[in-house]
Amino acid sequence: MSQDVTPETPAQAAPTEPQPLADRGSNRAQRPGSPEFLRWITSGWDARPASSATRSPAADHTAARRSALSAQFPGDRLVVPAGTFKVRSNDTDYRFRPHSAFAHLTGLGVEQEPDAVLVLHPVADGTGDDGSGHRAVLYVRPMAGRDTDEFFSDSRYGEFWVGARPTLEDLETSTGIPTAHVDELRDALSKDVGPDGVQVLVVPGADETIEAVVEEIRASEAAGERDEKLAEALSELRLVKDAYEIEQMQLAVDVTIEGFVKMVARLPVAQEHARGERVIEGTFVGHARQEGNAVGYETIAAAGEHATTLHWTENDGPVRAGELVLIDAGVEVDSLYTADVTRTLPVSGTFTEVQRRVYQAVLDAADAAFAAAVPGARFRDIHAAAMDVIAHRLEDWGLLPVPAEVALDPENQHHRRWMVHGTSHHLGIDVHDCAQARAELYLDGVLEPGMVFTIEPGLYFKSDDLMVPAEYRGIGVRIEDDVLITADGNVNLSAALPREPDAIEAWMADLLP
Ligand code: GLY
Ligand code: MN
Ligand code: MN
């Protein structure tokens, strides 16, 4: 069950033969295992406090999400694992983070629910939850009693080690989903399975132990192929956000903007440090942990030429006066929704003429993309609008070897040398949300109210790029905002963070000494 559940051999006992490697992880400990000690440590504890569990605000929305999924898989049993711990090194795990589909369907975010599994059991159509054809049950590993050795000796799950886990009743209260012990899962998954009976589908890649259990149980090979349909449906289910999700996205963006304010205020300190980029990153990560759950992705703090490396997360360089610093950062709030915001700022507080020229081109591209982001337009139109501006501006600067209209031909794309990434991606519980959605609903999809995505054009001139004049070399600019499609257009969720060059300079002047 866990790595540490058996108290160690008494310290003085001389091993008679070499211990198997797999058993050596806790060699350092000398935990007593005598019956007297077990009796002693499992007794004498005061009654547990009354439960403080309350219904999560997400619970009012998750039934409708499950119901929409249910309609696509009539008669199938759907298995959505939270996943388990991932080892970081030896016996030390990464902080647990549930699979995004599990978080979306249960509303559970940072709560401790490793190894939990949501199952949608098929029932007669219309008789299930929310009038659907499925009944949800959340299988969890609940808090262990104090009379168990898990209580004190299990470093992954035990209360002494990681704190008290929620009870079945607590989780039922917070999620609004009936709960059962995870030990009942296998029998529950097997019920009525057969060639003419229930088919079991499992989200691939979420939990290999649960996948193996499902493989053993299920009747047909075809079910395995349909696992991918389930993953696709779960991704597509998140393309349009509900009211709770939009509120959480705005919260994530607002907390992220506070983090940008703190990073700007730290720029003078960053300039004093050989790894000034880490000063910036550390400021944001500290803010994210204080005010939210974590960062939604590795922070990019890219000063000077580093800004031309799209995913510069080393962040080990200096921050120099007179250069730009590109900061791409997002707070993930407790519900696991994340912002994804980029600003490119002049370290000293004012843009040089050439920096401003490049910045303005990117801003104009972003504004064109915003104008294209309206209900009824296609997702791909947003990128096309931004690229039209970028190509024409590069033509104006004499950088394109062909006219902009020729470069814009899908077969050519010369301008993409200086912006190789896309302009937009869906955003939500995953920073690159809805990634398994079909192309006809994503890139070729039609924009609908409730969709949330980024608009993030950029221009990146590497310092060794001989195709651009020297004055451009080493300049990288990206401007990234988070956008909500509404009934009559869009809302820039990150509009409170200055993005016009004059507004940035005025904002920074207030924040810098
Ligand atoms: N921060 C990753 C992205 O902008 O897509
Ligand atoms: Mn992005
Ligand atoms: Mn980003």
Of all C-alpha pairs within region 450-513, those more than 16 angstrom apart amount in percent to 64 percent
Over the Cα atoms of region 216-280, each weighted equally, I'd like the Debye log10 I(q)/I(0) at q = 0.29 Å⁻¹, rounded to two decimals. -1.11
Alpha carbon convex hull of region 251-299, projected area averaged over orientations, nm²: 3.1 nm²
Percentage relative contact order, region 61-126, counting C-alpha pairs under 8 Å, at least six apart: 42 percent
Kirkwood radius from Cα pairs of region 60-169 plugged into Stokes-Einstein at 25 °C, 0.890 mPa s, gives D in µm²/s equal to 160 µm²/s
Packing-wise, with mean Cβ within 10 Å as the measure, how do 383-396, 400-413 rank, highest first? 383-396, 400-413
List the relative contact order of the chain as a percent without decimals, with contacts defined as Cα pairs under 8 Å and 6+ residues apart. 12 percent
Sorting Ala302, Ser43, Gly126 by the position of each Cα along the dipole of the chain (Lys, Arg +1; Asp, Glu -1; all at Cβ), the one nearest the positive end of that ordering is Ser43
Cα atoms only, region 34-79: Rg and Dmax in Å? 21.7, 57
Tell me which of Thr352, Leu239, Gly292 sits at the most positive position along the dipole axis of region 232-362, charges placed on C-beta atoms (Lys, Arg +1; Asp, Glu -1). Thr352
Which distance in Å, rounded to a whole number, links the C-alpha centroids of region 82-155 and region 185-239? 16 Å
Local electrostatic count, Trp507, Cβ distance below 11 Å [Lys/Arg +1, Asp/Glu -1]: -2
Which order do the peptides 414-421, 362-369 take when ranked by the mean count of other beta-carbon atoms within 10 Å per residue, highest first? 362-369, 414-421
Distances longer than 24 Å among the Cα atoms of region 370-513: what percent of all pairs is that? 42 percent
Dipole magnitude of region 360-488 about its Cα centre (Cβ charges: Lys, Arg +1; Asp, Glu -1), debye to nearest 20: 300 debye
Evaluated at 4 °C and 1.567 mPa s, the Stokes-Einstein D of region 185-317 based on the Kirkwood radius over Cα pairs, in µm²/s, stands at 69 µm²/s
Report the Cα centroid-to-centroid distance between region 29-80 and region 458-513 in angstrom, as an integer. 44 Å
With a sphere of radius 13 Å drawn around the Cβ of Ala188, what net charge do the other residues whose Cβ falls strictly inside it have (Lys, Arg +1; Asp, Glu -1)? 0
Taking the Cα centre of region 469-513 as origin and charging only Cβ (+1 Lys, Arg; -1 Asp, Glu), how large is the dipole, in debye to the nearest 20? 200 debye
Cα-based Rg of region 426-467 normalised by 2.2 N^0.38 Å, two decimals: 1.67
Which whole-number percent is the relative contact order of region 161-257 (Cα, under 8 Å, 6+ apart)? 19 percent
Treating the beta-carbon of each Lys and Arg as +1 and of each Asp and Glu as -1, no other charges, what is the dipole magnitude of the chain about its Cα centre, to the nearest 20 debye? 820 debye
Order of Tyr442, Tyr359 under a 10 Å beta carbon neighbour criterion, fewest first: Tyr442, Tyr359
Running Debye on the chain with equal point scatterers at the Cα sites and no solvent, what base-10 log of I(q)/I(0) appears at q = 0.09, 0.12, 0.13 Å⁻¹? -0.77, -1.14, -1.23
Enumerate the whole-percent occupancy of each 5 Å bin, from 0 to the last occupied one, for all C-alpha pair distances of region 124-234. 2, 10, 14, 18, 21, 15, 9, 7, 4, 0
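Just so you know, all these numbers are worked out from the coordinates, no wet-lab data involved. Everything numeric here is computed off the predicted structure, so don't read it as measured data. Positions of Cβ are backbone-derived with ideal geometry, glycine not excepted, and every protein chain shown enters the neighbour counts.
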